[in-house]
Amino acid sequence: MKSIQLNKTELDTISIMVDDVRHVYETGKSHSVEYRKQQLHALYDFFVKEKEGILDALYKDLRKPYVEGYITEIAAVKNDIVTAIKELDEWMEPVTASRPLAFLLDRAETRHVPLGVVL
């Protein structure tokens, strides 16, 4: 396995990244299915592109063998990403909520929207 130089992220850079992501959330851009799918595709591409670096870090940090790291960390996450992309439209559909008798003529539904920022 070839060794890849891993660089740490400076703390002031992290706060800038969080601010950028928070700004995108506040604009409502992250609520759309297209945006979420684009982010999932980018995450998938990251795992493809950075596979060697991830496996190298897993070995250095946890002494996790290459094959085990690939199966348990990379392949599993890539599989979850593919599932999320396929199911996202259905997951985002509003769900009709039950209503008490007094409100039967009203419409009530649950909408699945992002509630915050995750890095």
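The values are calculated or read from the model by the stated rules, or taken from the named source; none is laboratory data. Computed from a predicted model, the values in this text were never measured in an experiment. Note: ideal-geometry Cβ built from the backbone for every residue, glycine included; neighbour counts use all protein chains shown. Heads up: the accessible areas ignore ligands, DNA and RNA and are worked out on the full protein's heavy atoms, side chains in. Shrake-Rupley method; radii C 1.70, N 1.55, O 1.52, S 1.80 Å.
Summed over segment 5-45, the residues that are open to solvent by less than 100 Å² (accessible area, probe 1.4 Å), without any contact (Cβ under 8 Å) to a residue 24 or more places away in the chain, within 28 Å of residue 88 (Cα to Cα) and assigned to a helix (DSSP H, G or I) give a count of 9.
Number of residues in segment 67-104 that are among the aromatic types (Phe, Trp, Tyr) and either open to solvent by 100 Å² or more (accessible area, probe 1.4 Å) or more than 12 Å from residue 47 (Cα to Cα) (or both) equals 2. A Cβ distance below 6 Å, combined with a sequence gap of six or more or placement on separate chains, defines the contacts here; from segment 98-115, residues that are touching a residue at least 60 places away in the same chain (Cβ under 8 Å) and over 15 Å from residue 33 (Cα atoms) reach no residue that is of a type outside the set (Val, Ile, Thr) and part of a loop (DSSP other than H, G, I, E, B). Scoring residue 115 on the criteria (1) part of a helix (DSSP H, G or I); (2) open to solvent by 60 Å² or more (accessible area, probe 1.4 Å) leaves a single failure, condition (1).
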